[in-house]
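Let me begin by presenting the structure, written as structure tokens, before commenting on it.
The values are calculated or read from the model by the stated rules, or taken from the named source; none is laboratory data. Source: prediction; values computed, not measured. Glycine also receives a Cβ, built like all others from the backbone with ideal geometry; neighbour counts cover every protein chain displayed. Side chains are part of the model used for accessible areas, which takes the heavy atoms of the whole protein and leaves out ligands, DNA and RNA. Shrake-Rupley method; radii C 1.70, N 1.55, O 1.52, S 1.80 Å.
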Amino acid sequence: MSKKNIILIITIIILFIGASIAIYFFTKENRELNITGTVLLSGDGYIMLETKEGDYIINNIKNSYESGDEITVTYKKNSLKDSTNPKEVTALKETLINENNIKNLEENNTSPEDENITTNKDEVTETKPIDKNQETVPIENKNNNENNNITNKSADEEVLEYVNAIQSDTNNGLTSSLKSGFITIVDFLFYNGSIAGHTFNELTTTAKLEVLSIALYLDNKIDSIFPGYKESISNEANNVYTSIKNLIVSTYLDITTSICSKDSDLCESAKSNFQDLKTNFGLTWDLIKNLASSGLDKLANWYEIWSGK
């Protein structure tokens, strides 16, 4: 056999092997798979399916489903996005197995750490003063004193001036005001406290979201710079400071839900800002799902915000 024929045969074999491998992987990635679960919520062209393996967003849904319906979805493997939480797939077809077979979310979505807090500002107990011997360093801003003189500034301006000063100091490594500022802001948000003589309810919705964003930042800083501090002050007062992150996130999502029912432009801005919070502070879907303890309607609204849809 000539050298030329040997080379030709080897080339054909290599091409055959390469084509076989390509066909194998193409077939593998395009094979159809099934997933069965319970519908948690329905959106515009998608549903969220709760399965034993976790939650899935099923896109390209053709039929209408109610929360609690059990369905089987057929999809191609190459449509699976398993790096996200919830995972996402594109449906080829759907089959209804059972209708309305869901268990009450309230039985499953309350985590132990949430049992010690309330997300309703109106139900919070009266504030008990923190030990006066603890470290407190006032911000050098005359407009932030409770007995400040009358100014022409709005509630938004005075409150944001205070919280921005705390954040700015912390950013610059000046943490002497962080402890007292954190307590003041948390009491302002959740325990009927005031800043510069103003309450949280006096703020515009935009300012409320901004204060909540800064509060989340300060909560994170307190944990990293002064570990154990929130536990110590919670033991000295009626107010709970250890699970403030959950309260901040819940309040932000509730306010954004209200905004999105009234103002589409402000809604998009609030959703966009929440994407930054989600990235910066590791707000996972599992956290959001656990916090939505009051039912499926809240879970659906919060998912729209969490996902940015």
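For region 161-177, a residue qualifies if it is out of contact with any helix residue (DSSP H, G or I) (no Cβ under 6 Å at 6 or more places or on another chain) and assigned to a helix (DSSP H, G or I), and the qualifying residues are E161, N164, A165, S168, D169, N171. Each residue in region 292-309 was checked for being buried (at least 17 other Cβ atoms within 10 Å of the Cβ), under 20 Å from S243 (Cα atoms) and small (G, A, S), and 2 of them qualify.
Kindly indicate the residue of region 239-270 that is open to solvent by 30 Å² or more (accessible area, probe 1.4 Å) and touching an Asp or Glu at 6+ places or on another chain (Cβ under 7 Å) and also modelled with the highest pLDDT among those meeting that condition. Restricting to residues being open to solvent by 30 Å² or more (accessible area, probe 1.4 Å) and touching an Asp or Glu at 6+ places or on another chain (Cβ under 7 Å), the top hit is K245. Counting only strands (runs of 3 or more DSSP E) that fall entirely inside region 25-124 and contain at least 1 residues that are over 18 Å from L296 (Cα atoms), within 22 Å of the chain's Cα centre (by Cα) and at pLDDT 90 or above, the qualifying elements are 54-59, 87-98.
Of the residues making up region 223-238, one or more are under 23 Å from N273 (Cβ atoms), assigned to a helix (DSSP H, G or I) and open to solvent by 10 Å² or more (accessible area, probe 1.4 Å). When L189 is tested against (1) touching a residue at least 24 places away in the same chain (Cβ under 8 Å); (2) open to solvent by 10 Å² or more (accessible area, probe 1.4 Å), just one condition goes unmet, and that condition is (2).
Within the bounds of region 271-291, is there any residue that is open to solvent by less than 30 Å² (accessible area, probe 1.4 Å) and more than 12 Å from the chain's Cα centre (by Cα)? No - not one qualifying residue is present in region 271-291.
Table: residues versus (1) touching a residue at least 24 places away in the same chain (Cβ under 8 Å); (2) touching a strand residue (DSSP E or B) at 6+ places or on another chain (Cβ under 7 Å); (3) closer than 20 Å to N172 by Cβ; (4) not aromatic (F, W, Y).
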{"site": "N201", "(1), (2), (3), (4)": "no, no, no, yes"}
{"site": "T205", "(1), (2), (3), (4)": "yes, no, no, yes"}
{"site": "E210", "(1), (2), (3), (4)": "yes, no, yes, yes"}
{"site": "L216", "(1), (2), (3), (4)": "yes, no, yes, yes"}
{"site": "N220", "(1), (2), (3), (4)": "yes, no, yes, yes"}
{"site": "S224", "(1), (2), (3), (4)": "no, no, yes, yes"}
{"site": "S232", "(1), (2), (3), (4)": "no, no, no, yes"}
{"site": "N238", "(1), (2), (3), (4)": "yes, no, no, yes"}
